[in-house]
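Scroll down for the structure; my scribbles are underneath it.
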Amino acid sequence: MANGRTAACLAVGSELLGEVRLDSNSLAITRALGRHGFQVVEKRVVGDDEQTVAAAIAELLGRVDVLILTGGLGPTADDITRDAIARALGRRIDVDPQVEGWVRAAYEARGRAMPEVSRRMAQVVHGARILPNRKGVAPGLLISTRDRLLVALPGVPWEMAEMLEREVEPELALRGGGARRFSRTLLLGGVYESAVEEQVRGLYDRFGRENVTILASCGVVRLVLSTGGEPASAQRRLTEMETAFREQLGADVAGVDVSSLEQAVLAELESAGMTLAVAESCTGGLLSARLTDVPGASAVFRGGVVSYSNQAKEDLVGVPHDVLIEHGAVSEPTARAMAAGACSAFTSDWGVGITGIAGPSGGTADKPVGLVHWAVAGPAGVVADHRVFGGDRASVRLWSAHLALDLVRRQLALGRRHG
């Protein structure tokens, strides 16, 4: 980074050390830090033990400029972040009457009386600035110690995100010394990370390898382009980078600064005034769920069917019995019939059919585990593809949903070019 400033993220919570819950807050925090010229050098997860958390705080604050904690600010006995901060910094904890009033008002606004245990959330480390919580109850803390900054935010993601943007980013901007970084993300569909690397590596000398990050996830690759400096010149540089990388990647680019492939495809369909329906087998409704996760999807997405059994394929989306007998449920003809049947069942312009063997059992020599057929029906007819995916059941299903959706995107692009 231009100014050499460093930062770390510390997530507090024993639940984050198990298999059920992941630390996702550090992703948003890293983006915010990067925007203001701070390089995240470490992310750490620590359980609900006051002494262990205090030791982590002291060690990290000894070598980074900014430390942002999340979690452990609630009312229960295992919410020990305030105590750990006080121990690490050698400061006392006071009950702040004003903060207690905020906490009480937050409960009353929800039609509840404040439990006595919730007075814990009014405890404030001496010398800390209180960060009001407009999305929840537990306030955050901001502490300047020597030339370092320590911030404690709630663990609830939407509470953390609002507090980070409203209260913390202005402080980061001041401490960053104007060393802003800007980024732009190219979303690529239906590609592998290694193939993208081969395509773009010739541009590294021109733009700097350190300014390009490749992030891959089961058929979707995000290419993050970044640069620093004065806003106007940085934006010009980003536009130059985007143009060069788009020219190199061509039709693989699904969108710029869009959060997901489904968002990109739904936007393209809405722009074209067209609708979509899906018929799923091995993906079990995953594609429908991902589409309906996008706000406003109802403008485009007509509906979906999980036609898991052969009988459901016949009854719900009209797959001919003879096709199932001759070719089997996992076959190109069945996928094609499912896609066309989805269009017919929902009176949509486009239809998707997905059928395969997600595993871990059920494969044969001719049709191994991981084999998936998908098809897309549209105004110009039906196209199909297939692949044998590696990985576990979840990854096979995600690959299948992404590549089926990407085929819709590519067919839409062909239609625009030929229209």
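The values are calculated or read from the model by the stated rules, or taken from the named source; none is laboratory data. This is a predicted model, so every value here is computed, not measured. Cβ coordinates were reconstructed from backbone atoms using ideal geometry, including for glycine residues, and neighbour counts include every protein chain displayed.
In the set Arg302, Arg236, Arg290, which member is buried (at least 19 other Cβ atoms within 10 Å of the Cβ) and among the basic types (Lys, Arg)?
It is Arg290.
Exactly one condition in (1) out of contact with any Pro (no Cβ under 6 Å at 6 or more places or on another chain); (2) among the basic types (Lys, Arg); (3) touching a residue at least 40 places away in the same chain (Cβ under 8 Å) is not met by Arg120; state its number.
(1)
I'd like the full set of residues that are surrounded by fewer than 22 Cβ atoms within 10 Å (Cβ to Cβ), touching a residue at least 24 places away in the same chain (Cβ under 8 Å) and within 21 Å of Leu371 (Cβ to Cβ), limited to the stretch 271-285.
Gly284
Give me a count of the residues in the stretch 126-140 that are closer than 18 Å to Arg87 by Cα and part of a loop (DSSP other than H, G, I, E, B).
3
State which residue is surrounded by the most Cβ atoms within 10 Å (Cβ to Cβ) when the search covers only the stretch 306-318 and only residues that are assigned to a loop (DSSP other than H, G, I, E, B) and not aromatic (Phe, Trp, Tyr).
Per the stated criteria, the residue is Ser307.
Residue by residue through the stretch 79-101, note down the ones that are part of a strand (DSSP E or B) and within 18 Å of Thr52 (Cα to Cα).
Passing the criteria: none in range.
With respect to Ala88, determine if the residue is crowded, with 18+ Cβ neighbours inside 10 Å and under 17 Å from Val125 (Cβ atoms).
The answer is yes for Ala88.
Only helices (runs of 4 or more DSSP H) wholly contained in the stretch 203-305 count here; list those with 2 or more residues that are within 27 Å of Ser400 (Cα to Cα).
The helices (runs of 4 or more DSSP H) meeting that bar are 231-249, 261-272, 286-292.
Which residue is surrounded by the most Cβ atoms within 10 Å (Cβ to Cβ), if the candidates are limited to the stretch 73-85 and must be closer than 19 Å to Glu159 by Cβ and of a type in the set (Asp, Glu)? Quick ask: steps written out before the conclusion?
Kept after step one, since they are closer than 19 Å to Glu159 by Cβ, are these residues of the stretch 73-85: 73-76, 78-82, 85.
From what's left, of a type in the set (Asp, Glu): 78-79.
Working: Asp78: 14, Asp79: 21.
The qualifying residue surrounded by the most Cβ atoms within 10 Å (Cβ to Cβ) is Asp79.
Are any of the residues in the stretch 361-371 surrounded by fewer than 22 Cβ atoms within 10 Å (Cβ to Cβ), of a type in the set (Val, Ile, Thr) and more than 29 Å from the chain's Cα centre (by Cα)?
Among the residues of the stretch 361-371, at least one is surrounded by fewer than 22 Cβ atoms within 10 Å (Cβ to Cβ), of a type in the set (Val, Ile, Thr) and more than 29 Å from the chain's Cα centre (by Cα), which makes the answer yes.
So, in the stretch 163-202, how many residues would count as being acidic (Asp, Glu) and either outside any helix (DSSP H, G or I) or assigned by TED's automatic domain parsing to the domain that holds Arg134 (or both)?
Adding up the residues that qualify gives 4.
Of all the helices (runs of 4 or more DSSP H) wholly in the stretch 319-419, which have at least 1 residues that are within 24 Å of Leu188 (Cα to Cα) and touching a residue at least 60 places away in the same chain (Cβ under 8 Å)?
Values: elements: 321-327, 332-346, 393-418.
So the answer is 332-346, 393-418.
For the stretch 53-66, state whether one or more residues are in the same structural domain as Arg148 (by TED's automatic domain parsing), without any contact (Cβ under 8 Å) to a residue 12 or more places away in the chain and surrounded by fewer than 19 Cβ atoms within 10 Å (Cβ to Cβ).
yes
Looking at Gly176 and the list (1) closer than 30 Å to Leu403 by Cβ; (2) touching a residue at least 60 places away in the same chain (Cβ under 8 Å); (3) out of contact with any strand residue (DSSP E or B) (no Cβ under 9 Å at 6 or more places or on another chain), which single condition is not satisfied?
Tallying (1) closer than 30 Å to Leu403 by Cβ; (2) touching a residue at least 60 places away in the same chain (Cβ under 8 Å); (3) out of contact with any strand residue (DSSP E or B) (no Cβ under 9 Å at 6 or more places or on another chain), Gly176 fails exactly one: (1).
Please give the number of the condition Arg104 fails out of (1) free of Cβ contacts under 8 Å to residues at least 24 places away in the same chain; (2) outside any helix (DSSP H, G or I); (3) not small (Gly, Ala, Ser).
Among (1) free of Cβ contacts under 8 Å to residues at least 24 places away in the same chain; (2) outside any helix (DSSP H, G or I); (3) not small (Gly, Ala, Ser), Arg104 violates only (2).
So which residues in the stretch 7-33 are over 17 Å from the mean Cα position of the chain (by Cα) and crowded, with 18+ Cβ neighbours inside 10 Å?
Ala7, Ala8, Cys9, Leu10, Ala11, Val12, Gly13, Leu16, Leu33
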